[in-house]
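Novice: What follows is a single structure, and I will ask about it in a moment.
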Amino acid sequence: MTAKRVYRKGQCPHGMATQSLLFSRMHWLTPGAKAWLRKHGYRGLDVDTKTGYLRFRQHDPAGFCTARSFRTITFGKGIRAVVCCPKQ
């Protein structure tokens, strides 16, 4: 029997993972953001354009992330990462 990985009190026992990368539209255009993603080894080059941000999903949040484990961190100039605790 394998032990369940549990997200409790803000702690992820196996490390957080990048769910999405957000690029500020004030600093980035889509081609430049895609080039940055490729250069840094990310996938998921389909863009979801929102007011103020270009969103590049790395994983589906419903199937990949533990509920209520999402955090947004500053990743670089005009870049933010949405991270979460993976389910398994």
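The values are calculated or read from the model by the stated rules, or taken from the named source; none is laboratory data. The shown structure was predicted, so the numbers you read here are calculated from the model rather than taken from an experiment. A quick note on method: Cβ atoms are made from the backbone with ideal geometry, for glycine too, and the neighbour counts reach across all protein chains shown.
Novice: Restricted to the stretch 58-77, and to residues that are of a type in the set (Gly, Ala, Ser) and surrounded by 11 or more Cβ atoms within 10 Å (Cβ to Cβ), which residue is nearest to Gly41 (Cα to Cα)?
Specialist: Ranking the qualifying residues of the stretch 58-77, first place goes to Gly76.
Novice: With (1) at pLDDT 75 or above; (2) closer than 17 Å to Cys84 by Cβ; (3) surrounded by fewer than 11 Cβ atoms within 10 Å (Cβ to Cβ) as the list, and Lys9 as the residue in question, which single condition is left unmet?
Specialist: (1)
Novice: If we keep just the residues of the stretch 18-51 that are in contact (Cβ under 8 Å) with a residue 40 or more places away in the chain and part of a loop (DSSP other than H, G, I, E, B), which is surrounded by the fewest Cβ atoms within 10 Å (Cβ to Cβ)?
Specialist: Filtering first and then ranking leaves Met26.
Novice: Being outside any loop (DSSP other than H, G, I, E, B), in contact (Cβ under 8 Å) with a residue 12 or more places away in the chain and out of contact with any Ser or Thr (no Cβ under 6 Å at 6 or more places or on another chain) is the filter here, so list the residues in the stretch 56-80 that pass it.
Specialist: Hits for the stretch 56-80 are Phe56, Pro61, Gly63, Phe64, Cys65, Arg71, Thr72, Phe75, Ile79.
Novice: Sort out which residues of the stretch 20-45 are closer than 24 Å to Cys85 by Cβ and either small (Gly, Ala, Ser) or out of contact with any Ser or Thr (no Cβ under 8 Å at 6 or more places or on another chain) (or both), and write them in order of number.
Specialist: Residues satisfying the conditions are Ser20, Leu21, Phe23, Leu37, His40, Gly41, Arg43, Gly44.
Novice: Now a separate question. If you take the residues in the stretch 55-88 that are of a type in the set (Val, Ile, Thr) and under 9 Å from Ser20 (Cα atoms), which one is modelled with the highest pLDDT?
Specialist: The selected residue is Val82.
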